[in-house]
Amino acid sequence: MYPRFARTRITEALSDTRVVMIAGPRQSGKTTLAMDLAGDDLPYLTLDDATVLRAAQDDPVGFIRGLDRAVIDEVQRAPDLLLAIKAAVDNDQTPGRFLLTGSANLMTLPKVADSLAGRMDVIRLLPLAQAEIEAQQSRFIDTAFAGRVPTTGTPVLGPDLVDRVLAGGYPEALRRPQWPRRQDWYHSYLDAIVQRDVRDVAQIEQVALMPRLLSVLAEHSGQLVNYSRVGSALGLNHVTTQKYMRVFEALYLVHSLQPWFNNRLKRMTKSPKLHFLDAGLLAAMRDVSPDVVARDRSVFGPILETFVFSELRKIASWSDQRCTFSHFRDKDRNEVDIVLESRKGEVVGIEVKASATVTSADFSGLRKLAGACRSKFAQGLVLYDHDQVVPFGENLFAVPISSLWHST
């Protein structure tokens, strides 16, 4: 079993919060972690079991009434259960009564969000981070906000880096050593998600279009979102396209990275940026393997950016630093791929480059961001395929991509 570094935050939440939810995509390891945390002390109920699901749907109040404490798996399949849980934990406010897992972001549903406000802590669990695969907890985000240069460890370069990025983080996919078999798993996984989970999240009139829409989104990963352009290939208007894309967001497959803004900069883009939440999934959808990258390195850049974004989201789940994620781009096309902002307003900018060479020009967006943030700018980093840390100015560094999981 791989170590999951979000475990500490979940344990802390169970000690002082009535309901704790581990939320993330299917097959990311939520159930394994929840069962391990519960041990023999808590009853385990999964709503993927048809009999249990029917009982929860037919009589949610009666279902919960007989439970003092419990683990309930895949709770999004019976969202009315959360109203019964609210009533139960209002009557008995003991911390750690319910540990839930969910493969859909139920907090996007107003009824659910309002009913459990102040009663439930949600901890995200994405597929495995490289630090978890290496069993070495990364402090990359904490180090960056502290203004220290990330440590590099043993660098992972060239073909080895490509292999790691394209493999992704889903445990089941990582068990398959052959690339065709791994990509087969990803495609089967997506088919199952569309057939089983889409209906749990929203009423979709054209479910048959969802796989095709996801394929179109894969071609736009790492780009600014233009709903009209994405939907036009399928005959969908921008409103329907946005609605359907939000379903994929709720299922933790894609993410709309919102633009960073500052009153000192007047000419900035207002469009979000699209990212998939697992590089292996994106690589499978684009039919990109290590052999393909060896022939055409240009296909690697967008997948690498998704990989870095996903790794940072995972590290944030156990980091001491609470931060928001965004991207920066102005009308002059100065841009920063990923912007992290702490609750104190401190900012770290991260640019991703697939090559082994970095020049001063690669820091143009970071310099623009630093000028807007002034004293709040903690650090700007260009992550690249090399083994050297190179300074490019005050608080500006080129660092190896593998520092993401080697920083301690």
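The values are calculated or read from the model by the stated rules, or taken from the named source; none is laboratory data. Please read these numbers as outputs of a predicted model, since none were measured by experiment. For neighbour counting, all protein chains shown are included, and Cβ atoms are generated from backbone atoms with ideal geometry for every residue, glycine included.
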Here the residues within region 299-333 that are more than 21 Å from W405 (Cα to Cα), over 19 Å from the mean Cα position of the chain (by Cα) and at pLDDT 95 or above are V299
In region 138-181, how many residues are over 27 Å from L396 (Cα atoms), within 20 Å of the chain's Cα centre (by Cα) and outside any helix (DSSP H, G or I)?
-> 3
Is at least one residue of region 234-257 more than 24 Å from the chain's Cα centre (by Cα) and of a type in the set (D, E, K, R)?
-> no
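This table checks each residue for (1) assigned by TED's automatic domain parsing to the domain that holds P400; (2) within 22 Å of F5 (Cα to Cα); (3) touching a residue at least 60 places away in the same chain (Cβ under 8 Å).
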| site | (1), (2), (3) |
| --- | --- |
| P95 | no, yes, yes |
| D142 | yes, yes, yes |
| F145 | yes, yes, yes |
| G153 | yes, yes, yes |
| V162 | yes, no, yes |
| G168 | yes, yes, yes |
Does region 358-370 hold any residues that are in contact (Cβ under 8 Å) with a residue 24 or more places away in the chain and surrounded by fewer than 22 Cβ atoms within 10 Å (Cβ to Cβ), and which are they?
-> V358, S360, D362, S364, R367, K368
Given the conditions (1) surrounded by 22 or more Cβ atoms within 10 Å (Cβ to Cβ); (2) within 20 Å of the chain's Cα centre (by Cα), every one holds for G222 apart from (1)
For F98, the lone unmet condition from (1) of a type outside the set (V, I, T); (2) more than 21 Å from D16 (Cα to Cα); (3) modelled with pLDDT of 95 or more is (2)
For residues that are over 21 Å from A104 (Cβ atoms) and touching a Phe, Trp or Tyr at 6+ places or on another chain (Cβ under 9 Å), tally how many sit in region 235-260.
-> 6
Spans of strands (runs of 3 or more DSSP E) in region 323-407 with at least 3 residues more than 17 Å from M268 (Cβ to Cβ) and assigned by TED's automatic domain parsing to the domain that holds L257 = 347-352, 377-384, 396-400
Pairs, first under 22 Å from N105 (Cα atoms) and in contact (Cβ under 8 Å) with a residue 12 or more places away in the chain in region 51-75, second part of a helix (DSSP H, G or I) and aromatic (F, W, Y), C-beta under 7 Å, six or more apart = A56/F63
